[in-house]
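J.: Below you'll find the structure I mean.
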């Protein structure tokens with residue numbers, strides 16, 4: 001069908017418009033390509049010329065500076081120091097690193113054994129992974145390598161940062177330490193950060209360093225460098241700085257921690273101090289200590305064996321990992337269980353002839369001749385075991401265990417420390433699940449005085465004491481702020497224990513310290529406004545046979561160290577307005593009143609006085625010994641601020 005002239009004209013007009021549109025698009029594409037070609041050929045010509053010359057532009061990661069760690073008053077606990085080192089990349093060395101190592105050994109000490117170790121390491125790692133040949137070089141060694149770099153292909157002298165702990169061993173168990181990233185570390189991470197692949201990059205291994213690894217690590221930067229055919233860096237083409245790790249502030253008071261560590265000395269022991277109002281941990285010291293700086297720098301075989309073979313276990317953090325039978329420090333739990341359940345009241349009493357008979361077995365009181373008739377307050381004051389044997393048979397283990405958990409025993413407290421123990425507050429279900437055995441009445445008698453299956457850490461004992469002192473669910477806290485942002489602190493709720501019952505337990509603890517028959521009277525504080533309350537404890541680590549009792553129990557000082565009883569003490573002060581709670585455990589220390597109570601008293605006095613315990617705060621007979629201890633102490637200067645680098649905040 002023939003088109004009309006009008007239709008032909010319209011069709012021609014449409015074709016013309018489409019042709020113009022298509023031509024415009026083509027012209028735009030050609031113009032864009034032209035501009036891009038001009039940019040590549042003129043503006044970026046040098047860059048692309050380098051890229052075309054055998055991968056001569058490299059991207060290098062810049063390790064971030066690890067975040068700093070401070071105490072509650074701003075004292076540096078973990079910092080970074082300058083570290084001169086030298087690395088070698090096998091790819092940049094042409095694949096054969098042996099000649100380079102031989103030449104380098106003329107500039108810095110490198111034994112044949114060290115060269116063999118490095119050759120083995122190069123065989124394991126990718127050709128593009130730099131390997132540290134030596135670190136902590138002197139400036140002379142570092143500059144010598146830099147001058148001779150043209151004859152050392154693939155070798156790169158670097159000025160990096162390394163972790164340092166200015167307070168050395170005082171906070172070793174709290175802080176932990178950092179170390180090189182191992183294959184085991186990488187196997188635990190699903191998607192490892194590329195910065196972890198850098199030579200000898202350090203990450204937290206234990207303690208706060210490990211638990212706070214992510215915020216402390218920071219973010220890596222990068223730089224683009226030009227290298228020649230020998231692998232030597234010629235110039236830097238660009239740089240993007242990384243982000244330093246966060247600054248973490250702990251609740252710990254470094255000066256109090258230092259005093260606690262010195263007061264514990266070389267004993268196998270632990271001490272924890274808490275603020276009973278906030279839950280802040282002010283000191284958490286495990287003894288003996290070790291120097292974490294040795295692990296950062298690479299601890300020697302003999303040094304490591306000495307730590308591992310030491311019978312006092314210096315590497316173990318006894319404050320949170322160690323669990324012990326709490327002994328008589330547990331008696332407040334049993335008493336409150338009896339009072340809170342309504343089984344007994346404050347006027348109830350029991351007669352103590354020195355033992356309780358259960359079937360054919362006798363459960364002995366620590367006082368062989370007994371205490372006679374004794375009431376709840378006196379049961380704490382004189383630490384009568386028979387009172388609690390009788391009470392346990394009425395109350396039952398399930399109520400005792402429930403009260404123990406309410407007071408913080410048998411509970412894993414959430415702290416950024418390694419292997420925090422849960423302890424054991426045993427009940428019927430626990431024994432059946434653990435041993436497939438029924439609970440026996442004798443188990444309840446043992447548990448009532450903190451023996452048998454009951455286990456608690458020094459941290460849990462401090463929490464228990466803080467809760468008895470306040471009647472609130474005080475929870476321990478170790479991180480105070482991150483980058484100057486205060487960390488949330490849950491409000492401590494009322495425990496729901498009758499204040500009259502708590503008052504009875506508190507007055508019993510006060511009598512332990514201040515009455516003539518109190519088991520810790522010699523360790524009392526005589527300053528009225530600082531009067532303290534406490535409870536001694538001694539937990540057996542061996543069985544005493546009937547034959548030994550008949551001929552006389554062997555005293556602790558006549559036994560080998562590892563067969564002596566553990567010594568324990570818990571307390572708080574001031575009694576009228578509680579501020580601080582303390583727990584002390586001295587492994588195989590003998591009696592709690594002799595070995596643990598004086599240590600706890602001194603640590604509390606340091607916290608209350610803000611410095612060395614005043615001689616006027618202890619009885620006359622204790623002042624000479626106190627003065628000698630004070631003179632032997634080496635305390636930190638509170639104004640000291642070690643060099644530490646900049647913070648992020």
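The values are calculated or read from the model by the stated rules, or taken from the named source; none is laboratory data. Remember, it's a predicted structure, so these values are computed and weren't measured experimentally. Note that each Cβ is placed from the backbone with ideal geometry, even for glycine, and that neighbours are counted across all protein chains shown.
J.: Just to be sure I understand the filter: pairs with C-beta atoms under 6 Å, separated by 6 or more residues or on different chains, first member in the range 617-628 and in the same structural domain as residue 604 (by TED's automatic domain parsing) and part of a helix (DSSP H, G or I), second member modelled with pLDDT of 95 or more and crowded, with 19+ Cβ neighbours inside 10 Å. Which pairs pass?
T.: 617/525; 617/605; 626/618
J.: Pick from 261, 230: which is in contact with a helix residue (DSSP H, G or I) (Cβ under 8 Å, 6 or more places away or on another chain), modelled with pLDDT under 75 and over 21 Å from residue 483 (Cβ atoms)?
T.: 230
J.: What do you reckon, is residue 263 out of contact with any strand residue (DSSP E or B) (no Cβ under 9 Å at 6 or more places or on another chain) and not in a strand (DSSP E or B)?
T.: Spelling it out, it is not the case that residue 263 is out of contact with any strand residue (DSSP E or B) (no Cβ under 9 Å at 6 or more places or on another chain) and not in a strand (DSSP E or B).
J.: Sort out which residues of the range 259-270 are buried (at least 23 other Cβ atoms within 10 Å of the Cβ) and either more than 13 Å from residue 595 (Cβ to Cβ) or without any contact (Cβ under 8 Å) to a residue 60 or more places away in the chain (or both), and write them in order of number.
T.: 259, 260, 261
J.: Next question. If you go through the range 463-477 one residue at a time, do you hit one that is surrounded by fewer than 19 Cβ atoms within 10 Å (Cβ to Cβ), at pLDDT 95 or above and under 17 Å from residue 272 (Cα atoms)?
T.: Checked against the condition, which is being surrounded by fewer than 19 Cβ atoms within 10 Å (Cβ to Cβ), at pLDDT 95 or above and under 17 Å from residue 272 (Cα atoms), the range 463-477 yields no hits at all.
J.: Mind checking whether some residue in the range 456-464 is free of Cβ contacts under 8 Å to residues at least 40 places away in the same chain and assigned by TED's automatic domain parsing to the domain that holds residue 565?
T.: Looking through the range 456-464, none of the residues is free of Cβ contacts under 8 Å to residues at least 40 places away in the same chain and assigned by TED's automatic domain parsing to the domain that holds residue 565.
Okay, residues lined up against (1) in a helix (DSSP H, G or I); (2) touching a strand residue (DSSP E or B) at 6+ places or on another chain (Cβ under 8 Å); (3) in the same structural domain as residue 391 (by TED's automatic domain parsing):
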position: 273; (1), (2), (3): no, yes, yes
position: 277; (1), (2), (3): no, no, yes
position: 290; (1), (2), (3): no, no, yes
position: 308; (1), (2), (3): yes, no, no
position: 333; (1), (2), (3): yes, no, yes
position: 338; (1), (2), (3): yes, no, yes
position: 343; (1), (2), (3): no, no, yes
position: 346; (1), (2), (3): no, no, yes
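Table: residues versus (1) crowded, with 16+ Cβ neighbours inside 10 Å; (2) closer than 30 Å to residue 313 by Cβ.
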site: 130; (1), (2): yes, no
site: 136; (1), (2): no, yes
site: 139; (1), (2): no, no
site: 142; (1), (2): yes, no
site: 147; (1), (2): no, no
site: 160; (1), (2): yes, no
site: 171; (1), (2): yes, yes
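J.: So, one more: On the basis of being touching a residue at least 40 places away in the same chain (Cβ under 8 Å), touching a strand residue (DSSP E or B) at 6+ places or on another chain (Cβ under 6 Å) and over 22 Å from residue 496 (Cβ atoms), does residue 390 make the cut?
T.: yes
J.: Now a separate question. Considering only residues of the range 360-382 that are touching a residue at least 40 places away in the same chain (Cβ under 8 Å) and assigned to a loop (DSSP other than H, G, I, E, B), which is surrounded by the most Cβ atoms within 10 Å (Cβ to Cβ)?
T.: Filtering the range 360-382 for residues that are touching a residue at least 40 places away in the same chain (Cβ under 8 Å) and assigned to a loop (DSSP other than H, G, I, E, B), the one surrounded by the most Cβ atoms within 10 Å (Cβ to Cβ) comes out as 382.
J.: For the range 51-82, give me each residue that is modelled with pLDDT of 85 or more and on the phi > 0 side of the Ramachandran plot.
T.: 74
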